[in-house]
Every structure is written in structure tokens, then in C-alpha cells.
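Any read-out appearing in this document is the output of simple, stated calculations on the displayed coordinates, not a laboratory observation. Please read all numbers here as calculations on a predicted model, not as lab measurements. Every residue, glycine as well, gets a Cβ built from its backbone with ideal geometry; the counts of neighbours run over all protein chains shown.
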Amino acid sequence: MSVADYSLHPHVSALYCEHHSWLQGWLRKKLGNAFDAADLAQDTFVRILGAPADTPEKVDDWQLQEPRAYLTVVAKRLMANLYRRRSLEQAYLDALAAVPEPVAPSPEQQAIILETLQQIDAMLDGLSRPVRTAFLLSQLEGLGYAEIATQLGISERTVKRYMTEAMARCILLCE
């Protein structure tokens, strides 16, 4: 987004000017880290600016009744994503520490693997629990549709529908 695009959002600009310092302070208290707080505060406003055109953020007469509550909801979601990413990264680093050094991936490969893991995590997070479970049983356990249906107590047709949904999400995220 160019600088000119930001000038098209006077309400978001006003929201930023009026509440950025408050949000950053709130995040600093929650996170205990000024650097992460600054990053998440910025990410919160970037998320609002990047919202789809049919959301309240893009309506010309947009006014928030409770701007701090709205900012808090957006920031909490970003905090949850941050914690999940860090947890995933730590699990990967722990697994990597168990690999003998001669066969360990290079730093470039490690970065690619971590990015891929984060993409997979985002894809799985976007699935409902039953769809995610069926997908993981298929992909990680190698179970067939009939076995998944039996294990989950659902029909094989439902398993097929779940797998179609999961695969469609994979394809969308890979494009």
C-alpha cells in the first residue's frame, strides 16, 4: 500500500493518532516487551487498513462506538497468532536440537522449513475441528476414508466432504 493509499483512510488515520500510544502501552503491559508491543500495535493498524472492502473499516461514514474495544479485539487475535508462531518455532528448534549436526539442515533450509510449518499451522487453524481431525488422520496416520469414518463415528461420505474442504483450503493457501 502506498503512502497515497493511507491518506484515503482519514478515519483510520484519526484512530491511529488518537489510540496508537494507548494500544502500544496496553500491549506492552500484556507482553512485557516494548519491541513486540510496538510491532503488534503497528500490525493492528495494518490489519485494519488491509480489511476487505465490505467491512466497517472501509465504509465512508465509518465510526466506532468503542474504538479501544475494537483495537483490543484485533490486537488479542494478533497476540494469539504471535504466541502460536513462537510455540511452533520453539517446538521446531527443540526437534532440530535432537538432530545430529552433520545431517541438520542449513540455516536457509531451517528458515524455509519454519515458514512452511507456519503456513501449515495457519491452514489447519482455519479448519473446523472435525475437518482438521479427519485431515490429520489421513495425512499423518495414513488412514483411509473408511478407517477415519469408523474412528470418528461419521459416514465415509462426510469424511470425503471434510477432505475436500481441507484440500481446497490447502490449494487456496498455496496460490
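So what's the angle, to the nearest 10 degrees on a 0 to 90 scale, between helix 67-97 and the longest Cα principal axis of the chain?
Tilt relative to the chain: about 40 degrees.
Taking the Cα centre of each part, how many Å lie between the stretch 65-84 and the stretch 118-175?
Cα centroid of the stretch 65-84 versus Cα centroid of the stretch 118-175: 29 Å apart.
Angle between the Cα long axis of helix 107-125 and the longest principal axis of the chain, 0 to 90 degrees, nearest 10?
Tilt of helix 107-125: around 90 degrees.
Please build a GNM for the chain, connecting alpha carbons under 10 Å apart, and tell me which residue among ARG28, ARG161, ARG68 fluctuates the most.
Taking springs between Cα atoms under 10 Å, the residue moving most is ARG161.
At 7 Å along the Cα-to-beta-carbon direction for both TYR83 and ASP125, put a label point, then send me their distance in nm to one decimal.
Result for the modelled spin labels: 1.2 nm.
Return one number: the angle in degrees, 0 to 90 and rounded to the nearest 10, between the long axis of the Cα atoms of helix 156-174 and the longest principal axis of the Cα atoms of the chain.
Compared with the principal axis, the helix lies near 50 degrees.
For VAL46 and ILE154, FRET efficiency with R0 = 45 Å and r from the beta-carbon atoms, rounded to 0.05? Mind showing how you got there, number by number?
Values: r = 40 Å, r/R0 = 0.89.
Efficiency, rounded to the nearest 0.05: 0.65.
Using a 10 Å cut-off on Cβ atoms, rank the peptides 36-42, 147-153 from the highest mean neighbour count down.
Ranking, from highest mean packing down: 36-42, 147-153.
Between ILE113 and HIS20, what FRET efficiency follows from the Cβ-Cβ distance if R0 is 25 Å, with the result rounded to 0.05?
Once rounded, the FRET efficiency stands at 0.10.
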